[in-house]
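**Student:** Handing you this structure, nothing more for now.
The values are calculated or read from the model by the stated rules, or taken from the named source; none is laboratory data. The model shown is predicted, which means the values in this text are computed figures rather than measured ones. Reconstructed Cβ throughout: ideal geometry from the backbone, glycine too, with neighbour counts over all protein chains shown. Note: areas computed on protein heavy atoms with side chains; ligands, DNA, RNA excluded. Shrake-Rupley method; radii C 1.70, N 1.55, O 1.52, S 1.80 Å.
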Amino acid sequence: LSCFFLSGATGLLYQVLWARMLGGVIGNTHFSITAVVAVFMGGLALGSHLGGRAADRSTNPLRLYGILILAVGVLCLLVPLLITLAEPLFASLYQPWEGNPEALPLLLCRLVFCVIVLLGPTTCMGATLPVLSKFLTTRMSKVGMSIGGLYTVNTLGAFFGAALTGFVAIATLGLWGTTALAVIVDVLIGVVVIYASRELDSTPTPTKSEAEPPATPEAPQ
């Protein structure tokens, strides 16, 4: 739960950072901000769908969660580099439409660029909730409590991450320093979780007869 709190914090930390970084390339208009938020939420939705399927097939959901967090850290480290490399490209795209920054071709280019840069890490982020829910949910009677608790912890972490980024981290560490901090946290979470998941590999899986209670005999007619 502590790791999921921290991953929720870094998730919103990245969102605030990306809005600031992309604003310098695709603009700070409401169309640009909408593109960033739309791709971010779309990636979470896609990740939830794919993560649910992967969780059902995984024999060690906790290790899968750690791998996903490591992937988030690596992919998010690439985002600032891709944004920096795209600056000359967008500078050349803006020239034919000087004075009309909201032209449809420019809007489409912004949206496509956000998809290319952000879809990978946000998909991995979205997959973490169903994967960790699979690990913690052992009985159907506990599904509501398990998933509700996870979502609560993750949302509180998101609140903490957004507040920390906007009010403290960017002002003190800058955009690149804050990115490095979030990546380090994600890598540490991934390493800790993967190390902890090794115990599951050594735990014997219960057989069908052990996992299921004996059937209750039918009452005589």
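**Student:** Along the Cα-to-Cβ line of Leu78, 7 Å from the Cα, sits a label point; which residues in the range 104-132 have backbone N less than 16 Å from it?
**Tutor:** Residues passing the 16 Å test: 113-125.
**Student:** Quick one: Cα centre-to-centre distance for the range 169-191 and the range 46-66, in angstrom?
**Tutor:** 25 Å
**Student:** Another question, then. For the range 185-200, in order, what is each residue's ³J(HN,Hα) by Karplus, 6.51 cos²θ - 1.76 cosθ + 1.60 with θ = phi - 60°, in whole Hz (x at glycine and Pro)?
**Tutor:** 4, 5, 5, 5, 4, x, 5, 4, 5, 5, 5, 5, 6, 5, 5, 5
**Student:** Tell me, what is the FRET efficiency for Arg53 and Ala180 to the nearest 0.05, using R0 = 30 angstrom and their Cβ-Cβ distance as r?
**Tutor:** Step by step, r from the Cβ atoms, then E = 0.35.
**Student:** Now a separate question. Accessible area per residue of the range 148-193 at 1.4 Å probe, in Å²?
**Tutor:** So the range 148-193 comes to 52 Å² accessible per residue, rounded to a whole number.
**Student:** Now, a different point. Taking θ as phi - 60°, what are the ³J(HN,Hα) couplings along the range 125-131 by the Karplus curve (6.51, -1.76, 1.60), each to the nearest whole Hz, with x for Gly and Pro?
**Tutor:** 4, x, 6, 5, 5, x, 5
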